[in-house]
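Visitor: Mind looking over this structure? Questions follow.
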Amino acid sequence: MALQLILGNSGAGKSYYLFEKIIKESMEHPDLQYLVIVPEQFTMQTQKDLVLMHPCRGIMNIDVLSFERLAHRVFDEVGGEHRRILEDTGKNLILRRLAEEKKEELTILGGNMKKLGYISEVKSLISEFTQYRVSSDQLVEMMERNQNNPQLYFKLKDMKVLYDGFREYLEGTYLTAEELLGALEQTVERSKSVRGSVIVLDGYTGFTPVQLSLLKKLLVLATEVYITLTMDAGEDPFSTGKEHELFYMTKKTIFQLTRLAGEVKVPVRKPVLKKDAGACRFCEAPGLHFLEEGIFRHRKTFWDQETNEICLYAAATPRAEAEAAGREIQRLVRDEGYRYRDMAVVTGDLSVYGTLMEQVFSRLGIPGFMDQKKDVLKNPFVEFLRALLSVIQEDFAYEPMFRLLRSGMTSVSGEETDLLENYVIARGIRGFSGWRREWKRPLKGMEEEALQELNGLRGKAVSGLKELREVLKAKNADAGQMTRGIYDYLVGLKIQQQLKAYEERFEKAGDYSRAKEYGQIYGMVMDLFDKLVMLLGDCKMSFA
């Protein structure tokens, strides 16, 4: 049992040194298990790096995991954890239910819970409470200290009501992602794969109290624990420093780790210091090396040489910036022998520059992938669902009805929708009764056959909506019944097959981004429906 810290500047080769060491040891000790723990988003890249570095191009006794994946691995091995993992959507649904049930107890938050995004903010705060192990008693203490501040006092009081209700609802049935490591802490000692292993932590700047509590157990169970942290090699790692200093967070983390090691009597080895980033990542870029050494440091050092490693462009508008970036990418590929995959465009405001870069890339013929999540509300299927609910809520009013028909998801074509719209406007048809009854008054110059055809289109447009209206408008309807009613209507329209056809059409056209969007959206909506039924199934709620 021992703790070893690997410290150094960004780009000094900390990860490379550690991975090289782990690979060498794993080949010498094939029976020993090596667990490399990295943040969730880095697991795939770390696996790739280790495989490429390994002489045999294989990592048989090295596992790359996140804390969450380690938890699932241990639960699979030792059993005992039967609770379902609750994701963010599920938390939002439960909080919405609790807010409705406890609205009489909520002094300030009750009136805001229906505002867009408010539930998500409350959910995030409860997640922070769980991560940092804030108890109900601590909330009461905070309330007592802030009795002279009524607004804060009553906000804390409301949060305590929701926090207690949330924990009570989950007890014994569900487990949040934040509680996952707490559950792992209780069971990890029974894991044979963790006991006696070598544990590596890479890519972390600090640890939450829940993670630190788990690390305390891992320090005892593992034969060696290696942790990489970014810090100037010239700094004293064991001085706490001040909050405004650049590496304060790293020093605070080192202090926490050494204190944990002392509590469980695990020796802390002398840290490995990786000093020269100029010999590693920046070996061919002295200008970038100088920037890394000097940025955010209070040093009077100057770069007095010419360099092409850092170029600054001044542009009058964001469009001009995007154009300059596109032309530079073209030049690098054409004249310097670069490949498109060697380059990335990084921006602090994707909402402004994302659309501009897409336009510039399209015009210049540059293949690019935009690393951003698309707004699900802009998808035609989601727009169709929102229009469908509006049709029932607004009693078949003109605007939501034709939003629904023009979504492209109903059995009525665009041309047929035009014919229906012309008649509805001319005759002023409104409400469910107007759509349900047969249309008997032809327009001027309209033949009887055309009116019969129009009635056939009317029947096709409202097919299934009568039954859905009865389910959604029922007095004692619960969330489960309403969700099943909508699902049955979607099945009747063969929505899944329609979305599959759109996906295949976009794939053939080479629009893979949109094809992927259409391939995922049905599953996302069904997942939401499953959560509604599972978490709120028997909850009586209004259609609104």
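Visitor: Determine, for each peptide in 42-51, 248-257, the mean count of other beta carbons within 10 angstrom over its residues, then list the peptides with the highest first.
Guide: 248-257, 42-51
Visitor: Related question: Considering Cα pairs under 8 angstrom that are at least six residues apart, work out the relative contact order of the stretch 4-134 and quote it in whole percent.
Guide: Reported as a whole number, the value is 17 percent.
Visitor: Leaving out same-chain residues fewer than 8 places away, which lysines sit with a Cα under 18 Å from that of Lys374?
Guide: Within the straight-line limit of under 18 Å, Lys374 reaches these lysines: Lys516.
Visitor: Let me ask another. Run the numbers for Asn112 and Glu470: contour at 0.36 nm per residue of separation, minus the present Cα-Cα distance, in nm.
Guide: Using 0.36 nm per residue and subtracting the Cα-Cα distance, I get 125.8 nm.
Visitor: Also: With the cut-off at 20 Å, tell me which of the pairs Lys475/Lys540; Lys48/Lys274; Lys252/Lys300; Lys123/Lys531; Lys24/Lys48; Lys91/Lys494 have Cα atoms farther apart than that.
Guide: Long pairs (Cα-Cα over 20 Å): Lys48/Lys274; Lys252/Lys300; Lys91/Lys494.
Visitor: I'd like the orientation of helix 177-187 relative to the chain: the angle between its Cα long axis and the longest Cα principal axis, in ° from 0 to 90, rounded to 10.
Guide: 50
Visitor: If one computes P(r) from the Cα atoms of the stretch 19-93, what percent of pairs lie at distances over 20 Å?
Guide: 45
Visitor: Now a separate question. With only alpha-carbon atoms in the gyration tensor, what are the semi-axes of the equivalent ellipsoid for the chain, in Å, largest first?
Guide: Result for the chain: semi-axes of 53, 34, 24 Å.
Visitor: I've got another one for you. Report the Stokes-Einstein translational diffusion coefficient (µm² s⁻¹, integer) for the stretch 394-461, Rh taken as the Kirkwood radius over Cα pairs, at 25 °C with viscosity 0.890 mPa s.
Guide: Reported coefficient: 202 µm²/s.
Visitor: Could the peptides 511-518, 225-232, 411-418 be put in order, highest first, of the mean number of other beta-carbon atoms found within 10 Å of their residues?
Guide: Ranking the peptides 511-518, 225-232, 411-418 by packing returns 225-232, 511-518, 411-418.
Visitor: In addition: Is the shape of the stretch 123-272 best called rounded, prolate or oblate, per the rule: a/c under 1.5 gives rounded, else a/b larger than b/c gives prolate, else oblate, with a ≥ b ≥ c the square roots of the Cα gyration tensor eigenvalues?
Guide: Since a/c reaches 1.5 but b/c is at least a/b, the shape of the stretch 123-272 is classed as oblate.
Visitor: Let me ask another. Between Ser124 and Asn455, what's the calculated FRET efficiency when r is the beta-carbon distance and R0 is 60 Å? Round to 0.05.
Guide: With a Förster radius of 60 Å, E is 0.70.
Visitor: Less than 13 Å Cβ to Cβ from Gln256, Lys/Arg counted +1 and Asp/Glu -1: what total charge do the surrounding residues give?
Guide: +3
Visitor: Another question, then. Quick one: grab the alpha carbon gyration tensor of the stretch 425-531, order the square roots of its eigenvalues as a ≥ b ≥ c, and give me rounded if a/c is under 1.5, else prolate or oblate depending on whether a/b is larger than b/c.
Guide: In terms of gyration-tensor shape, oblate.
Visitor: Which percent of the Cα-Cα distances in the stretch 307-361 go past 15 Å?
Guide: Result for the distance tail: 51 percent.
Visitor: Each residue of the stretch 307-316 in order: what ³J(HN,Hα) in whole Hz does its phi give by Karplus 6.51 cos²θ - 1.76 cosθ + 1.60, θ = phi - 60°, with x for Gly and Pro?
Guide: 8, 9, 6, 10, 10, 10, 10, 10, 10, 6
Visitor: Take the Cα gyration tensor of the stretch 71-136, multiply each eigenvalue by 5, square-root it, and list the three semi-axes largest first, rounded to whole angstrom.
Guide: Ellipsoid half-lengths, sorted descending, are 29, 13, 11 Å.
Visitor: Here's a follow-up. Dividing the Cα radius of gyration by the Kirkwood radius, what Rg/Rh value follows for the stretch 328-482?
Guide: 1.23
Visitor: Just subtract the alpha-carbon distance of Cys311 and Lys275 from 0.36 nm times their residue separation and send over the number in nm, one decimal.
Guide: 10.3 nm
Visitor: How high is the FRET efficiency from Arg297 to Glu507, r the C-beta distance, R0 51 Å, rounded to 0.05?
Guide: Once the sixth-power term is evaluated, E becomes 0.50.
Visitor: Within the chain, what percent of beta bridges assigned by DSSP are antiparallel, to the nearest 5?
Guide: 5
Visitor: Specify the angular offset, from 0 to 90 degrees and rounded to the nearest 10, of the alpha carbon long axis of helix 118-131 from the longest principal axis of the alpha carbons in the chain.
Guide: It is inclined by approximately 30 degrees.
Visitor: Tell me the Kirkwood hydrodynamic radius of the stretch 119-177 in angstroms, computed as one over the mean inverse distance between distinct C-alpha pairs.
Guide: Result for the stretch 119-177 stands at 12.1 Å.
Visitor: How much length would be gained if the chain were fully extended between Cys283 and Gln520, taking 0.36 nm per residue of separation minus their Cα-Cα distance, in nm to one decimal?
Guide: Extra length from Cys283 to Gln520 when fully extended: 81.0 nm.
Visitor: Calculate I(q)/I(0) for the stretch 234-361 by the Debye formula, one identical point scatterer on each C-alpha and no solvent, and give its log10 at q = 0.20 Å⁻¹ to two decimals.
Guide: -1.21
Visitor: Now for a different question. With a ≥ b ≥ c taken as the square roots of the eigenvalues of the C-alpha gyration tensor of the stretch 165-223, please select rounded if a/c is under 1.5 and otherwise prolate if a/b is larger than b/c or oblate if it is not?
Guide: Judged from the Cα gyration tensor, the stretch 165-223 comes out oblate (a/c at least 1.5, b/c at or above a/b).
Since every read-out is calculated from the coordinates, none of them should be taken as a lab result. As the structure is a computational prediction, the values presented were derived from the model and not from experiment. We place every Cβ from the backbone using ideal geometry, glycine too, and count neighbours over all the protein chains shown.
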